[in-house]
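Structure record follows, encoded as structure tokens.
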Amino acid sequence: KNEVEQSPQNLTAQEGEFITINCSYSVGISALHWLQQHPGGGIVSLFMLSSGKKKHGRLIATINIQEKHSSLHITASHPRDSAVYICAVKGGVNDMRFGAGTRLTVKP
Amino acid sequence: DAGVIQSPRHEVTEMGQEVTLRCKPISGHDYLFWYRQTMMRGLELLIYFNNNVPIDDSGMPEDRFSAKMPNASFSTLKIQPSEPRDSAVYFCASRWDREGTQYFGPGTRLTVL
């Protein structure tokens with residue numbers, strides 16, 4: 001079993017839909033990152049969380065440390081949100097572990 | 001700032017050749033990371049530096065891989081000799097503190113024939 005599990009693996013939505021991507025982990029962490037990888041391959045760091053919730057535009061990330069679970073929400077999804085979303089957890093000094101990613105396709 | 005700069009963007013080489021990947025982090029960032037991404041294994045952290053000093057290279061796959069950071073504005077990842085299984089996209093990222101947001105470079109797509 002992977003230490004960082006993401007679900008779903010693939011997600012197709014219609015423009016305007018509310019989207020949720022989930023990340024569960026089995027190790028102790030000091031922080032969790034959500035990354036976005038564009039179809040061209042570039043990676044953008046969206047959020048770094050250690051507790052609670054963060055919001056940036058239409059993106060919201062939450063984390064529940066006790067349940068070892070994080071969610072990334074996208075409100076009013078748009079085709080330009082189509083990308084692979086990757087969850088990464090930081091455990092020890094340098095213990096970055098990555099989920100396999102969720103491929104999101106938003107259709108117009 | 002131009003962001004994290006990597007070169008080359010694409011590299012095709014033959015098995016056994018030496019490959020050098022280059023990275024220029026964002027000015028002022030104290031941490032630099034090298035990652036590898038493959039279809040089979042996803043993203044993997046290879047090594048990271050703090051203030052030009054390698055802190056943890058436990059992710060480096062084997063002795064054929066080496067990384068240096070001679071100064072705050074430049075790092076290299078070298079593979080010698082290269083093998084087809086090294087084919088991947090190699091990303092460099094930097095950040096300004098231990099816990100902050102990482103900024104990724106565009107990546108170098110390496111193909112070893």
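Structural remarks
- Qualifying positions in the stretch B:67-92 - of a type in the set (A, V, I, L, M) and either part of a loop (DSSP other than H, G, I, E, B) or at pLDDT below 95 (or both): B:Ala72
- Filter result for A:Lys107 (open to solvent by less than 60 Å² (accessible area, probe 1.4 Å) and among the basic types (Lys, Arg)): no
- Residue match in the stretch A:76-84 (condition: crowded, with 20+ Cβ neighbours inside 10 Å, polar (S, T, N, Q) and under 29 Å from B:Thr108 (Cα atoms)): no
- Evaluated against (1) exposed (fewer than 15 other Cβ atoms within 10 Å of the Cβ); (2) within 14 Å of chain A (Cβ to nearest Cβ), B:Phe91 falls short on exactly one condition, (1).
- Residue list for the stretch A:10-35, restricted to those being over 21 Å from A:Ser77 (Cα atoms), among the small types (Gly, Ala, Ser) and more than 14 Å from chain B (Cβ to nearest Cβ): A:Ser24, A:Ser26, A:Gly28
- The single residue among A:Ser51, A:Ser70, A:Ser45 that is more than 11 Å from every other protein chain (Cβ to nearest Cβ), open to solvent by 10 Å² or more (accessible area, probe 1.4 Å) and of a type outside the set (Val, Ile, Thr) turns out to be A:Ser51.
Per-residue answers, yes or no, for (1) under 23 Å from A:Arg97 (Cα atoms); (2) of a type in the set (Asp, Glu):
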{"site": "B:Glu14", "(1), (2)": "no, yes"}
{"site": "B:Met40", "(1), (2)": "yes, no"}
{"site": "B:Leu43", "(1), (2)": "yes, no"}
{"site": "B:Ala72", "(1), (2)": "no, no"}
{"site": "B:Leu77", "(1), (2)": "yes, no"}
{"site": "B:Tyr103", "(1), (2)": "yes, no"}
{"site": "B:Gly107", "(1), (2)": "yes, no"}
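- Any chance B:Ser27 is within 10 Å of chain A (Cβ to nearest Cβ), farther than 21 Å from A:Gly101 by Cα and among the small types (Gly, Ala, Ser): no
- Within the stretch B:2-30, if we keep just the residues that are in contact with a Leu (Cβ under 6 Å, 6 or more places away or on another chain) and under 19 Å from B:Ser82 (Cα atoms), the residue that is surrounded by the fewest Cβ atoms within 10 Å (Cβ to Cβ) turns out to be B:Glu14.
- Taking the criterion of being surrounded by fewer than 18 Cβ atoms within 10 Å (Cβ to Cβ), more than 24 Å from A:Val84 (Cβ to Cβ) and within 14 Å of chain A (Cβ to nearest Cβ), the residues of the stretch B:31-55 that qualify are B:Asn50, B:Val53, B:Pro54, B:Ile55.
- Residue list for the stretch B:35-58, restricted to those being part of a loop (DSSP other than H, G, I, E, B) and either touching a residue at least 60 places away in the same chain (Cβ under 8 Å) or in contact with a helix residue (DSSP H, G or I) (Cβ under 6 Å, 6 or more places away or on another chain) (or both): none
- For B:Glu62, the criteria (1) touching a residue at least 40 places away in the same chain (Cβ under 8 Å); (2) assigned to a loop (DSSP other than H, G, I, E, B) hold in every case but one, which is (1).
- Restricting attention to the stretch A:57-108, the residues that are of a type in the set (Phe, Trp, Tyr) and under 10 Å from the mean Cα position of the chain (by Cα) add up to 1.
- For the condition within 11 Å of the chain's Cα centre (by Cα) and open to solvent by less than 30 Å² (accessible area, probe 1.4 Å), B:Thr76 qualifies.
The values are calculated or read from the model by the stated rules, or taken from the named source; none is laboratory data. Because the structure is predicted, anything quoted here is derived from the model rather than measured. So basically every Cβ, Gly included, is an ideal-geometry build from the backbone, and we count neighbours across all protein chains shown. The area values use the complete protein model at the heavy-atom level, side chains included, leaving out ligands, DNA and RNA. Shrake-Rupley method; radii C 1.70, N 1.55, O 1.52, S 1.80 Å.
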